[in-house]
Each structure stands twice: as structure tokens, then as C-alpha cells.
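Below is one structure; the comments refer to it alone.
The values are calculated or read from the model by the stated rules, or taken from the named source; none is laboratory data. Small disclaimer: the values here were computed from a predicted structure and weren't measured. So basically every Cβ, Gly included, is an ideal-geometry build from the backbone, and we count neighbours across all protein chains shown. Areas reflect the complete protein model, heavy atoms only, side chains present, ligands, DNA and RNA absent. Shrake-Rupley method; radii C 1.70, N 1.55, O 1.52, S 1.80 Å.
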Amino acid sequence: MAEIATIARPYADALFKAAGADAASALAWLDELAAVASNAQLLQFADNPKTSVEQVHGVIAGVLKTALPAMGQNFLKTVLENGRLAALPEIAAQFHALVNAQQGTSDAVVYSAFDIGAAELADLAVVLEKRFARKLKLQVQLQPDLIGGVRVVVGDEVFDTSVKARLEQMKVALTA
């Protein structure tokens, strides 16, 4: 996995420098490109030696929901010409990290057994921002096996207050 990260870093850095103040707006189209590029059939099509860069570019442009700006077109063409389509998801992840560092924020995934309302999410955001000592961009994902509570992942840090985690702690304590 380190190889893809090494390949992706110069692309993410170059795009970040080229985007400048528009880096936050570039996130939208880059995320969409990364989602499309993670399709196994597209990767197989792009790896075919009989397929041209223009054909792959045309397929990707046809699948996207919104048209790419000129910077996005040029970036995609560069990635395709260098045969780095498979690295696009990692490029997007590293670009996110650069934008977050610039804005002083972090991405956080909140796993919950139940839907979280907007008011509850705002209250949770305040608590989590104090806990992690930085501004967070929260994304909620349902995970019914947690039973209750939440599990929050910010980078490599995990804050787990779920019922499942507490039951596991009790199990370890009782069997020790």
C-alpha cells in the first residue's frame, strides 16, 4: 500500500499547489473522480493496451454527474497519460489531508447504531471538537452492530463509547 501512497503524493501536492485558494472546490470533483476510478471494470478497461487515453477520458467524462472544470480535465488527462488511474482514490485522500491541514480541520467518521438528528450531531460535534482539540468535519455512518452509543474515528485516533465496546471490556475483565 505504501507504493500507491508514494505514487499519489506528487499528484496530490501538484494539484494542491495548482488549485491554491480553490482547493476546497477542487475536492468535489476530485472525490467524484476517485469514486469513478475505484470501479474495477473501468480499471480493467483502462489497462487494456488497445484502449487509448482519449477513450478512457471519454468514458470517465460520460459517467461523471457534473462536468469537470478545465483544471480537472487537465489533471485527469495527466493521470491517464501516466497510467495512474488506480492511484486516484489515494490521490484524493492525500489531497483531503492537505486541504484539512490548510483549513485546520480533520475528517471524522461517526459510526452509530441509529440515525443522528441535526441537533444531536451539532451537540456531538462540540463535544468531539473539545475531545480532539480541533475542528472536525463529521460524516455519519450507520453500524447497527454497535447496539448503542457511537464510535468516532479521526485519522488514526478512535473514541469508542458504544455498547458493543463496553460489553467487550466487561468480557475481558470477567475472563481475566
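For helix 70-81, report the angle its Cα long axis makes with the longest principal axis of the Cα atoms of the chain; keep it between 0 and 90° and round to the nearest 10°.
So the inclination is approximately 80 degrees.
Using helices alone, what [θ] at 222 nm do you get for the chain, with -39,500 (n - 2.57) per DSSP H run of 4 or more residues, divided over all residues and rounded to the nearest 500?
-19500 deg cm²/dmol
Rounded to the nearest Å, what's the spacing between the alpha carbon centres of region 32-63 and region 99-129? Just the number, please.
For region 32-63 versus region 99-129, the Cα centre distance is 34 Å.
What is the extension gain from Val153 to Glu81, computed as 0.36 nm multiplied by their sequence separation minus the C-alpha to C-alpha distance, in nm to one decimal?
Full-extension gain reported as 22.4 nm.
I want to check a number: in region 1-130, how many lysine pairs have alpha carbons closer than 27 Å, given a sequence separation of 8 or more or different chains?
The result is 5.
Residues in region 62-97, backbone N under 13 Å from the label point at Gln41 (7 Å along the Cα-to-beta-carbon vector): list them, ranges by number please.
63
What order do Glu32, Glu168 take when sorted by accessible area (1.4 Å probe), most exposed first?
Glu168, Glu32
Do any trypsin sites (Lys or Arg not before Pro) in region 124-176 lie in a loop, going by DSSP, with at most 16 other beta-carbon atoms within 10 Å of their beta carbon, and if so which?
For trypsin sites (Lys or Arg not before Pro) across region 124-176 that sit outside H, G, I, E and B with at most 16 neighbouring Cβ atoms in 10 Å, the list reads Arg134.
Taking all protein chains together and a probe of 1.4 Å, list Ser106, Ser162 from the most accessible to the least accessible.
The ranking, largest first, comes out as Ser106, Ser162.
Sticking with the crude label model, points 7 Å out along Cα→Cβ, report the distance from Ala118 to Lys135 in nm, one decimal please.
It is 2.0 nm.
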